Amino acid sequence: MSDSGPVATAVVIAADLDIRVLLRGLLRLHHFRVVGEAETEAEAVQLVRSQHPNLLVLDTNIANGSVATLLASVRRVSPDIRSVVVTQDSHTSTLEGPSGPSAVLKRPFRVRDFAEAVGASPPTPG
């Protein structure tokens, strides 16, 4: 087994189990190790605090909290974390600002768009 450097890690946050399963699968497809999943803002912040992931992928539908306050809380714990928000809504102006996400993906999206948003490296021709 070769050592190809540090493994990129991610936390998935969504109230809906099907959305968490979808996002987890897409992250694994792009070689991220999913170190935790959460439904609520409080669970998400605790996971970031304990697991120190490189990436936070969250759906706008979270239980007990808002995406804006979640992102602000996560930035206080881990200022350099990359965050990707998946939304069904085209109005994302409430997510803009210094605590805003690194990227916003509107559902439905293409796998290529997801890869770009999470910062996955393109496959190398072999």
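Every number here is computed from the coordinates shown, using simple stated rules; none is lab data. Just so you know, these numbers come straight off a predicted model, no measurement behind them. Cβ coordinates were reconstructed from backbone atoms using ideal geometry, including for glycine residues, and neighbour counts include every protein chain displayed.
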### Message
Which residue, 103, 31, 15, has the largest displacement toward the positive end of the dipole of the stretch 9-118 when charges sit on each Cβ (Lys, Arg +1; Asp, Glu -1)?
### Response
31
### Task
Once you have the Cα-Cα distance between residue 66 and residue 80, take 0.36 nm times their residue separation minus that, and quote the gain in nm to one decimal.
3.0 nm
#### Entry: the stretch 7-115 - charge dipole about Cα centre, Lys and Arg +1 at Cβ, Asp and Glu -1, debye rounded to 20
400
#### Entry: Percent breakdown of C-alpha pair distances by 5 Å bin, ordered from the shortest bin, for the stretch 9-118
2, 13, 27, 29, 20, 8, 1
